[in-house]
Amino acid sequence: MNTKNHTIFELNMSDDYVIRSPKRDYEIPDTSVGAFVAKVLAQLDSQTKCIVNAIDGSQLTVKGLTTKCQSIAWALIKRGITKSDTILTFAENSTELAVVMFAAMFLGVTLYPITPIANVYELDQLMDTLGPLFVFTSTAKSAVIENIIRKRTNERQMVRFVSVLDNNHNIYVPYERLLDEGSGHTLDAIPYFAVKPKKDIAILMQSSGTSGVPKSVMISHKAFVATLTSFIKPNDDGAGKSAPVSYQMTQFSCMSGLTVLFGYAISGVTQVIADETDDQSVLKAIETFRVNFLGIVPAFGHKLICGQFVDTYDLSSLKALLASGASFPANVGKQIIQKYRVPLLEVYGMTEYGALTAPDLGTAEYIPGCVGRPADNTLLKVIDCSGKSVGPDVDGEICVKGPKLFSGYLNNVLATNEAIDDNGWLRTGDIGHYDRQHRFYITDRVKELIKFGTKQVSPAELEQFLLTHESVAEAVVVGVPHRTQTQWPRAYVRLKTNKVVDEEELKSFVSDSLSDSKQLRAGVVFVDHIRRTTVGKVERRYYRQLVANELIED
């Protein structure tokens, strides 16, 4: 890799408009996730708090984490786990879940974290694609696992072992029993099973599923180590320079949540977690544990400004806010900065790559919609419909290339080939552009654009505009099929508390400022809440399904 130190503009842009990180590339260790994590943890103070449970106050130190994950790993070895088995987790965030995830890496087996909001049908479909499983679940989710096992006899052969993390269970093995079985034992080697970093899959992760059935994303050991190295820069002594206390709002089952879990642990940052993310619980935890760094999703931003409990708790410990998961409304972002006087940093990532961009920590300037510059060791470009790279301030599809790239979709060569071109560039499916300072902006998703005649309408643009209305709290826009083989925009809107506005007023609000193709011809529907995924993205598939069988005849 090129390690020469150039100025930002010499380093960042080549003749074909490929944008590079402003930082120098550095070598990615050719090792397994388990070996990398174990080595870095050994360099930290063993009494450093890794994880604190905000609900019961229980804590897990670096020593506690490494000791318990080796105990769990040893117990699983004695129960017959092999290199070909996958550890599947289906549970809410907890210290126990974190231990199991680290244990999977110490063993060298594949980890597949599943979102706790998945249902029987979704899990049943997923298990059709997998090999033998060791399952870890919670009491609340154990019935789903049992339903799947009972449904078909072949599932009993595939699900080799089930453990419940949070309580005793009349059928499955309690987590505490595994700890007792492995107590006092350590692994002869980490990872226990031999790992080929470039070839072997460390993590399987469901894609976001905003269009079509979610796919299983394969992430190699080499790719995830590349992600984790961004938490510990070259010449670091192992102690990260991030905020000392963070609050984890996202589930460990999504890429951002899993990355933060491992990344903060190896950089000496204490993570406060909870299985409750209502605004009062989060704000109370910030006050109680003096949280410095809070990762938020856009849906939570409004609660930080005018939520019911926002002025009830002392939030003066906050030093920075990191926003991800979806576009952050500009007016909300500005109000948050004004109220708390801390930086609001937006980043852009995806399951198939991890973080594509990194915020500019050297400036306090807030630029609405800006998601930063290319992340470490990462190349970005924007292409037009013909596949040609374009220059600054021109919208197109964002593509990424680098060592964090996923290995492909499990059992889906066609989808893999559609996503990654012959030169190793991943087509993200996101529309955006970069400015002359090489800062990136996300506009929309390719598959979510509304086709109105010959025009392509960005629902995100319409949503952002609707949020500038004083009465609108949240909005989602979709295209409703029209008999002319086109689509008409419709808005689903949640109003702010004690605010009143009718459909015609909102339609007029749009028509007064936006072009003809962006009018809400399919109307406005007022709702009590907007459905979102666990990482805060609007669940567009749900709203597209609502209108899929409609056909406007006018």
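Taken together, the values in this text are just the output of simple stated rules run on the coordinates, not laboratory data. If you're wondering where the values come from, they're calculated on a predicted model, not measured in any experiment. Because the Cβ atoms are built from the backbone with ideal geometry, glycine has one as well, and the counts that use them run over all protein chains shown.
General remarks:
- For Cα extents along the principal axes in Å, computed directly from the structure shown, the correct entry in [x] 107, 67, 41; [y] 73, 55, 43; [z] 71, 58, 52 is [z].
- Test item: Cα-centred dipole of segment 485-554, Lys/Arg +1 and Asp/Glu -1 on Cβ, debye: 600 debye
- Only Lys, Arg (+1) and Asp, Glu (-1) charged, at Cβ; the chain dipole about Cα centre in debye: 960 debye
- In the chain, the DSSP beta bridges split such that about 55 percent are antiparallel, to the nearest 5.
- Charge context of residue 218, other residues only, Cβ under 14 angstrom, K/R +1, D/E -1: +4
- DSSP bridge pairs, segment 449-547: antiparallel proportion in percent, nearest 5: 80 percent
- Environment charge of residue 36, counting only residues whose C-beta is closer than 11 Å and scoring Lys/Arg +1, Asp/Glu -1: +1
- Exceeding the 30 Å Cα-Cα cut-off - candidates 68/151; 339/537; 319/537: 68/151
- Over segment 244-305, relative contact order from alpha-carbon pairs under 8 Å, at least 6 apart, %: 45 percent
- Distance violations [Cα-Cα > 25 Å] among 198/447; 83/215; 447/496; 401/447: 198/447; 447/496
- Relative contact order for segment 71-117: 49 percent, from Cα pairs under 8 Å spaced at least 6 residues apart, divided by residue count.
- Extension reserve of the residue 511-residue 498 stretch, reckoned as 0.36 nm per residue once the Cα distance is removed: 2.2 nm
- Virtual spin-label span in nm between residue 316 and residue 394, 7 Å along Cα→Cβ: 5.2 nm
- Across the chain, C-alpha contacts under 8 Å between residues 6 or more apart give a mean separation that, scaled by the residue count, equals a relative contact order of 12 percent.
- Dividing the helix sum by the residues of the chain, where each DSSP H run of 4 or more adds -39500 (n - 2.57), gives a mean residue ellipticity at 222 nm of -8500 deg cm²/dmol.
- Arranged from fewest to most other beta-carbon atoms within 10 Å of their beta carbon, 224, 328, 289, 309 become 309, 289, 328, 224.
- Pair residue 176, residue 82: separation of 7 Å Cα→Cβ label points (nm): 3.4 nm
- Shape analysis of segment 449-547 places it in the oblate category; the axes a ≥ b ≥ c from the Cα gyration tensor give an a/c of at least 1.5, with a/b not above b/c.
- Rounded to the nearest 20 debye, the dipole size of segment 31-234 about its Cα centre is 640 debye, using +1 on the Cβ of Lys and Arg and -1 on the Cβ of Asp and Glu.
- Cβ-defined net charge surrounding residue 66, 14 Å radius [Lys, Arg +1; Asp, Glu -1]: +3
- Cross-link partners for residue 222 among the aspartates and glutamates, with Cα-Cα distance under 18 Å and sequence neighbours closer than 8 places in the same chain left out: 25, 27, 30, 200, 352, 376.
- Relative exposure of 414, 361, 405, 178, judged by other C-beta atoms within 10 Å (fewest first): 414, 361, 405, 178
- Taking a ≥ b ≥ c as the square roots of the eigenvalues of the Cα gyration tensor, an a/c ratio of 1.5 or more together with a/b no larger than b/c marks segment 416-470 as oblate.
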